[in-house]
Amino acid sequence: MKKIAVALMFLSLLGLSVFAQTGRKTRPRVVDTTQVSKAPPELKNDTSSENNSSQPPVLTNGSNSKSPSIYVPPPPPLVVEDDDDVIKIETNFVTLPVSVLDRNGRFVAGVQQREFQIFENGIEQKVEVFASVESPFTVVLLMDVSPSTQYKIDEIQNAAISFVNQLRPNDKVMVVSFDEKYRVLTTPTNDRYRLENAIRQARFGSGTSLYDAVNNTISTQLSNVTGRKAVVLFTDGVDTTSRFSNYESTLRLVEEVDALFYPIRYDTYSGFAGGGRNPGRSQPRPVRTGNILIDILGGVISGGNVRVGGATGAGTSAEEYQRGKEYLTELASYSGGRIFEADTIVNLDSAFRSIAEELRRQYSLGYYPVDSGEAGERKQIKVRVKRPDLVVRTKRSYIVGSNGK
């Protein structure tokens with residue numbers, strides 16, 4: 001009996017021990033609130049706080065410190081309320097692209113700053129900025145595809161492609177054609193394949209809105225171009241259908257824009273003069289009506305050359321061609337460019353080579369006018385070089401803007 005009693009007592013103690021171990025698993029965990037709690041687990045898909053640049057700066061005692069963090073607010077923004085602390089710079093700084101040529105039209109290199117003189121309204125100015133620039137430029141090829149050029153369109157396209165191929169790889173070209181309408185064939189690019197395709201797309205139409213084309217080029221295209229820029233214009237100079245611009249308004253725009261114009265004038269008058277230049281010929285010149293079929297029939301009946309498109313009789317007189325030549329001459333002169341005559345393909349190639357060379361190698365002069373002038377005032381400019389037998393080409397005038405040149 002004593003052995004049985006001892007065994008029962010041993011089993012009883014063993015059961016109490018097992019029960020105690022089992023109960024420990026279900027007891028609540030007691031946390032010491034005096035300790036700093038651990039940070040919550042990181043939420044992998046939560047981007048609201050991760051790398052949030054808007055969090056305020058936090059100052060701590062070190063990476064291993066258990067002290068509470070201290071929030072330091074950012075300093076208030078600096079506010080300047082005194083008008084005397086606001087600096088406003090208003091200046092009429094004038095920059096001029098300048099070409100120096102010899103009497104044979106060849107570019108002259110090596111001219112120094114001290115050799116240049118600038119006169120504004122007859123008063124000599126101090127040359128503040130001088131550079132011999134060979135920086136990239138953007139050229140707008142503005143091609144007249146009106147009826148008067150229809151038999152020369154292949155020559156125009158071939159010459160334009162030849163010109164593009166003479167430019168440097170980082171020079172950009174924009175191709176635009178115009179007749180009565182204005183068409184952007186490609187935006188500025190140095191992709192020769194795109195440029196050639198754009199040039200080949202040019203096809204003749206009806207009318208000649210030359211003044212509107214010049215206006216659109218300055219107002220809507222050149223305004224988006226930064227850096228050095230120029231316009232190479234293929235045309236006979238005769239306008240027949242412009243509605244929004246005229247001779248005088250476009251010349252004023254040329255004075256205001258920082259771009260060189262290089263008109264290449266095609267003489268298409270002989271096509272309207274029966275193959276000759278004498279307007280007093282006995283062979284009557286067919287009148288253009290704008291209707292292609294009627295113009296063709298009229299040419300056949302009259303026995304004259306067939307010319308199509310355009311307004312009635314517009315752009316066919318010797319006087320209009322003379323006015324067109326004068327317009328292109330002034331366009332070049334006002335901008336600082338040059339006009340070229342292109343009666344033959346040889347002359348055309350020579351013109352393109354000269355333009356490409358001139359655009360590549362120019363001088364840049366800058367000055368602050370002694371008299372800033374009033375907004376809208378026209379200032380006359382004269383640039384000279386202290387060397388004999390040299391020709392200087394640059395803008396001959398500019399118009400003072402509301403905030404300077």
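The values are calculated or read from the model by the stated rules, or taken from the named source; none is laboratory data. Worth saying up front: this structure is predicted, and the values here are computed from it rather than measured. Positions of Cβ are generated from backbone atoms using ideal geometry, with glycine treated the same way; all protein chains shown enter the neighbour counts. Each accessible area value is taken on the protein alone, full model and side chains, heavy atoms only, with ligands, DNA and RNA left out. Shrake-Rupley method; radii C 1.70, N 1.55, O 1.52, S 1.80 Å.
Once you order the gyration tensor axes a ≥ b ≥ c over the Cα atoms, which shape class does the range 139-273 get: rounded for a/c under 1.5, otherwise prolate or oblate by comparing a/b with b/c? Note, shape of the range 139-273 comes out oblate.
Determine the alpha carbon to alpha carbon distance for each of Lys126/Lys386; Lys152/Lys325; Lys172/Lys382; Lys325/Lys379; Lys181/Lys379 and list only those over 23 Å.
Violating the 23 Å limit, Cα to Cα: Lys172/Lys382; Lys325/Lys379; Lys181/Lys379.
Taking a 1.4 Å probe, which of Lys379, Lys181 shows the most accessible area, and what order do the others take after it?
From most exposed to least exposed: Lys181, Lys379.
So between Arg252 and Asn121, what do we pick up on full extension, going 0.36 nm a residue minus the alpha carbon distance?
Details: separation 131, 0.36 × 131 = 47.16 nm, distance 1.78 nm.
Roughly 45.4 nm would be gained on extension.
At q = 0.20, 0.27 Å⁻¹, what is the log10 ratio I(q)/I(0) for the range 159-224, with the Debye formula run over Cα points and no solvent? After summing over all Cα pairs, the log10 values are -0.85, -1.20.
In this rough spin-label picture, where each label sits 7 Å from Cα along the Cβ direction, the Glu155-Lys386 distance is 4.6 nm.
Please go through the range 111-153 and write out the trypsin sites (Lys or Arg not before Pro) that DSSP classes as loop and that have at most 12 other C-beta atoms within 10 Å. Provide the component values of the computation, followed by the final result.
Values: sites: Arg114, Lys126, Lys152; in loops: Lys126.
For trypsin sites (Lys or Arg not before Pro) across the range 111-153 that sit outside H, G, I, E and B with at most 12 neighbouring Cβ atoms in 10 Å, the list reads Lys126.
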